[in-house]
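Reading through the C-alpha cells given below for one structure.
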Amino acid sequence: MKHYTVNEIFWSPQGEGMRAGQMSVFIRFTGCNLRCRMEEAEDSPGGFDCDTEFASGRKLCAAEIVGEARALVGKPQAWYDGGHKAWVVFSGGEPALQVDRELVDALHAAGFLCAIETNGSKDVSGLGLDWITVSPKVAEHAVRQLTADEVKYVRGYGQVVPKPVCKAMHQLVSPAFDGWTLDKRAVEWCLQLIKENPEWRLSMQQHKAWQVR
Ligand code: SF4
C-alpha cells in the first residue's frame, strides 16, 4: 500500500489568494525540492527566507489522510451526501513531489474539493485538482505547471514581477514577511508594482495578521 509522508494536517481558514477566508483542511507534505533564502541561487529565488518546517513527517496511506480530514471537518456523512463540499489544500514543502491521482480520487470520493499550492516545478495538470495555485520559486524557464487558477509571486523590496509563463485567471503579488512580521518596505514596493501593473492584484498572508496557521 502506498504511503505519503505528511508533516501535519490541520483545519484553518485559507489565508492567501482568491480563496482567502475559506475554511480548509491543510495537508502539509514533508520535503521540498528547493531551499528558498535571501540569496538568489538555482534552488532559491532570493528575497525571503523559507519559514516552513518541512523536514519531519509521518507515513500515512490515502485512507488515513481521508479519515483525519473528515474528523477535522467534523460533519456527518449526511452533510456530504447533501452535496456539501469541504476544501482540502495540499501544501508543504512541495506537495507536487507526493500528491497523486489516487489521493485526489480518494478525497473526492469522500466529499472534498482539492486545491494545491505548488512552486510550479512539477506538472500537476493530470491530477484532477479543483484549484491550482502556482507560486513560482524557480526561474520562469524552469516552471513546469503552465496553467493555474491563480499565480502568486512573493516579492521582497526591489524584486520585480516577471512575465509569468504560467497562465492563470488571477495574478497576485504577495509582500514578503520577515517571519510573522509584515515587512513595510515590501508592502510599499508591492503596492507600487500593482499601480504600475494593474492586471496584478495584491495578496497578503492574512493568516499571519489573524495569528492563525
Ligand atoms: S518552495 Fe516553498 S517550502 Fe520549498 S523552500 Fe521555497 S518557500 Fe520553502
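The values are calculated or read from the model by the stated rules, or taken from the named source; none is laboratory data. These numbers were taken from a predicted model, which means no experiment stands behind them. Methodologically, a virtual Cβ is constructed for each residue, glycine included, from the backbone with ideal geometry; neighbour enumeration extends over all protein chains shown. The area values use the complete protein model at the heavy-atom level, side chains included, leaving out ligands, DNA and RNA. Shrake-Rupley method; radii C 1.70, N 1.55, O 1.52, S 1.80 Å.
Helix 184-196 against the longest principal axis of the chain: what's the angle in degrees, Cα atoms only, rounded to the nearest 10?
The helix 184-196 is inclined about 80 degrees to the chain.
Given H placed on each backbone N at 1.01 Å, which residues far from Leu113 in sequence or on other chains put an amide H within less than 5 Å of it?
Ala86, Trp87, Val88
Just report the Cα centroid separation between the stretch 1-50 and the stretch 116-138, whole Å.
Centre-to-centre distance over Cα atoms comes out at 11 Å.
Pop out the carbon and sulfur fraction of the accessible area of the chain as a percent, whole number, probe 1.4 Å.
Of all accessible area on the chain, carbon and sulfur atoms account for 52 percent.
Provide, for the stretch 4-210, the number of lysine pairs with alpha carbons under 13 Å apart, each pair being eight or more places apart or on different chains.
For the stretch 4-210, qualifying lysine pairs total 5.
Of His3, His207, which has the most accessible area and how do the rest follow, probe 1.4 Å?
His3, His207
Quick check: with the 1.4 Å probe, what order do Glu42, Glu196, Glu68 take by accessible area, largest first?
Glu42, Glu196, Glu68
Note down the accessible area of Tyr157, probe 1.4 Å, to the nearest 10 Å².
120
Can you pull the accessible area of Trp180 for me, 1.4 Å probe, Å² to the nearest 10?
140
Work out the length of the dipole vector of the chain about its Cα centre, built from +1 on the beta-carbon of each Lys and Arg and -1 on the beta-carbon of each Asp and Glu, and round it to the nearest 20 debye.
My answer is approximately 300 debye.
With no other cysteine's Cβ closer than 4.7 Å, which Cys residues of the chain count as lacking a disulfide-compatible partner?
That list is Cys32, Cys61, Cys114, Cys166, Cys190.
Considering only DSSP beta bridges with both partners in the chain, what is the antiparallel share in %, to the nearest 5?
If I count the DSSP bridges inside the chain, around 35 percent turn out antiparallel.
List the residues, sorted by chain then number, that are 5 or more residues from Asp178 or on another chain and whose placed amide H is less than 5 Å from its amide H.
Asp183
If you roll a 1.4 Å probe over the heavy atoms of the protein chains, what accessible area per residue do you get for the stretch 96-213, in Å²? Provide the component values of the computation, followed by the final result.
Working: 5830 Å² over 118 residues.
Per residue, the stretch 96-213 has 49 Å² of solvent-accessible surface.
As a test question: what accessible area, to the nearest 10 Å², does Arg58 have when a 1.4 Å probe is rolled over all protein chains in place?
Here the accessible area works out near 100 Å².
Mind listing the long-range amide H neighbours of Lys152? Cut-off is under 5 Å, sequence gap 5 or more, other chains count too, H placed in the peptide plane at 1.01 Å from N.
Val134, Ser135, Leu172
On a 0 to 90 degree scale, rounded to 10, what angle separates helix 62-73 from the longest Cα axis of the chain?
With both axes taken from Cα atoms, the answer is about 80 degrees.
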